[in-house]
Amino acid sequence: MTAAGGLLAVIAGPSGVGKGTVHARARASLPESVLSVSVTTRAPRPGEVDGVDYHFVSPERFQQLIDEDQLLEWAEYAGERYGTPRGPVEEAVAAGRIVVLDIELQGALQIKEHDPAALLVFLVPPSFEELERRLRARGTEPEAALQRRLARAREELEAAHQFDVEVVNDDLDRCVEEVLGAIERARAAAEPANDRAGDQRRTRA
Ligand code: 5GP
């Protein structure tokens, strides 16, 4: 059950598309939003902080979280596992917050199945060549991992039409504005359903 205004918003897109920056900018404009901290089996990158960027866990612990149904969704990506902790997300949405998820394609589709009112935004690079250039410039991955990410990016770009909204990240300001507009519209669309849910609760009481 969702309180008025509660929304689950996925802002996804291939590795290197600039998701981190768009997330930070969108969230700065949405003070009532919360960013879900995912669980992952991958090793921290230099500068990443456990509990802030991710909860870094062993493969055994990740499997335990799956077995205990503590993940809202999870997926494998470039040889590692990533998942969204269920409890904090469900609590925040029920309290009327906007919960923003930075997750990949398979997870995004699982979220939509779980919550059809969820908004799925897909960030598209200006071109595949530009994506490769940005990923190389970032320099965070060895060549083999980079190749896995590029292969996955191609798959993701082909599936982008399954999202509610596609936004090209060529101009950051415009891109962020479009993302914020989509979130506003999704919130407005969810309002009548939320009101009806409230009415039902009141009627039953
Ligand atoms: P990175 O290793 O670059 O931090 O993340 C790799 C990919 O995993 C990114 O596309 C990121 O959005 C995705 N990801 C991060 N957390 C989650 C999660 O909880 N679930 C899913 N399905 N994907 C995630």
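The values are calculated or read from the model by the stated rules, or taken from the named source; none is laboratory data. Because the structure is predicted, anything quoted here is derived from the model rather than measured. Cβ placement follows ideal geometry from the backbone for every residue including glycine, while neighbour counts extend to all protein chains displayed.
Scan the range 99-116 and tell me whether some residue there is more than 15 Å from the ligand (Cβ to nearest atom) and either more than 20 Å from Asp164 (Cα to Cα) or crowded, with 19+ Cβ neighbours inside 10 Å (or both). No; the residues of the range 99-116 include none that is more than 15 Å from the ligand (Cβ to nearest atom) and either more than 20 Å from Asp164 (Cα to Cα) or crowded, with 19+ Cβ neighbours inside 10 Å (or both). Considering Val10, Val37, the condition of being buried (at least 18 other Cβ atoms within 10 Å of the Cβ) and under 17 Å from the mean Cα position of the chain (by Cα) is satisfied by Val10 alone. Give me the pairs, please: first residue somewhere in the range 28-41 and in contact (Cβ under 8 Å) with a residue 60 or more places away in the chain, second residue anywhere and aromatic (Phe, Trp, Tyr) and not in a loop (DSSP other than H, G, I, E, B), beta-carbon distance under 8 Å, and either six or more positions apart or on two chains. Qualifying pairs under 8 Å: Ser38/Tyr54; Ser38/Tyr82. Of the residues contained in the range 17-26, none is found to be modelled with pLDDT of 95 or more and within 10 Å of the ligand (Cβ to nearest atom).
No other residue among Arg42, Arg25 is part of a loop (DSSP other than H, G, I, E, B), surrounded by 14 or more Cβ atoms within 10 Å (Cβ to Cβ) and of a type in the set (Lys, Arg) apart from Arg42.
When the range 75-98 is filtered for residues that are closer than 15 Å to Ala190 by Cβ and either in a strand (DSSP E or B) or in contact with a strand residue (DSSP E or B) (Cβ under 8 Å, 6 or more places away or on another chain) (or both), the ones remaining, listed by number, are Ala92, Val93, Arg97, Ile98.
Residues in the range 142-177 that are in a helix (DSSP H, G or I) and among the aliphatic types (A, V, I, L, M): Ala144, Ala145, Leu146, Leu150, Ala151, Ala153, Leu157, Ala160, Leu172, Val176.
Of all residue pairs spaced 6 or more apart or on separate chains, those with beta-carbon atoms under 7 Å, a first member in the range 44-71 that is at pLDDT 95 or above and within 15 Å of the ligand (Cβ to nearest atom) and a second member that is assigned to a helix (DSSP H, G or I) and not small (Gly, Ala, Ser) are Gln70/Arg86; Leu71/Leu65; Leu71/Arg86.
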